Amino acid sequence: MINKYHAKGQYYDGYYFGSTLESKVYHLLKKYDDNLSIHPRLTLVDNCNDWKPITWKPDFYSPVFNQYIEVKGVLTPDFKLKMQLLHYLNPGMIEDIWFVTRNRSYRWQGIYLMNIDEFQRHLKAQEFKLIGEQQP
């Protein structure tokens, strides 16, 4: 299935991922975390009378790294608005989210998007930190 941004969705381990990049990130994360949450729902704005709550579904949450991970091929207007809202409601939370992109690493309004190769190196470095913390 191809969406309007030409991402090819696919099923892997019983989960549907909206792009091959998202499934690659899942595969990388599963090496380190067996309790990975896929598409957890976070409510950004709730209890607004008759209005529907505004939610954000990051692609993954890793309890091992205590991180939300968002995979972006295209910065959609919807994503940009939700990130601005998240930053407004929870200042500092944006810095605690890992954003992964396909081609090159870059910064957009304070958000650092790392490419998939850099993300793989980042996970390896985090693994060494975790091993170091566990040793007496």
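None of the figures in this text is laboratory data; all of them are computed from the coordinates on show. The structure presented is a predicted model; accordingly, all values stated were derived computationally and were not measured. Cβ coordinates were reconstructed from backbone atoms using ideal geometry, including for glycine residues, and neighbour counts include every protein chain displayed.
For the chain, the longest principal axis of the Cα atoms and the long axis of helix 116-134 meet at an angle of about 60 degrees.
Under a Gaussian network description of the chain, with springs only between Cα atoms under 10 Å, the residue in THR76, THR101, THR20 that fluctuates furthest is THR76.
When the chain is treated as a Gaussian network with alpha carbon springs shorter than 10 Å, the biggest mean-square fluctuation among GLN126, GLN109, GLN67 belongs to GLN109. Projecting the Cα atoms of SER62, GLN109, HIS39 onto the dipole axis of the chain, where Lys and Arg carry +1 and Asp and Glu carry -1 at the beta carbon, places GLN109 farthest toward the positive end. Remark: relative contact order (segment 4-90) = 21 percent; criterion is Cα-Cα distance under 8 angstrom and separation of 6 or more residues. This ranking places VAL74, VAL100, VAL25 by how few other beta-carbon atoms lie within 10 Å of each, fewest first, which gives VAL74, VAL25, VAL100.
Compute the FRET efficiency between TYR12 and VAL45 as 1/(1 + (r/R0)^6), taking r as their Cβ-Cβ distance and R0 = 25 Å, and round to the nearest 0.05.
0.20
Between GLN126 and TYR88, the contour length at 0.36 nm per residue exceeds the Cα-Cα span by 10.9 nm. Helix 77-89 and the longest principal axis of the C-alpha atoms of the chain enclose an angle of approximately 80°. Under a Gaussian network description of the chain, with springs only between Cα atoms under 10 Å, the residue in GLY14, GLY73, GLY110 that fluctuates furthest is GLY14. Put in order of Cβ neighbour count within 10 Å, fewest first, the listed residues SER37, SER62 become SER37, SER62. Taking mean projected area of the Cα convex hull in nm² as calculated from this structure, the corresponding entry among (i) 9.9; (ii) 8.5; (iii) 14.1 is (i). If only the Cβ of Lys and Arg carry +1 and only the Cβ of Asp and Glu carry -1, the dipole of segment 14-136 around its Cα centre is close to 360 debye.
Helix 20-30 axis versus longest C-alpha principal axis of the chain: approximately 50°, rounded to the nearest ten.
Taking chymotrypsin sites (Phe, Trp or Tyr not before Pro) across segment 1-80, the ones in a DSSP loop with at most 12 further Cβ atoms lying within 10 angstrom of their Cβ are TYR5, TRP51.
DSSP finds beta bridges in the chain, and of those with both partners inside it, around 65 percent are antiparallel. The distance between label points at PHE79 and THR20 comes to 1.8 nm (points 7 Å beyond Cα on the Cα→Cβ vector). Among the lysines of the chain, pairs at least eight places apart or on separate chains and with Cα atoms under 13 Å apart come to 7.
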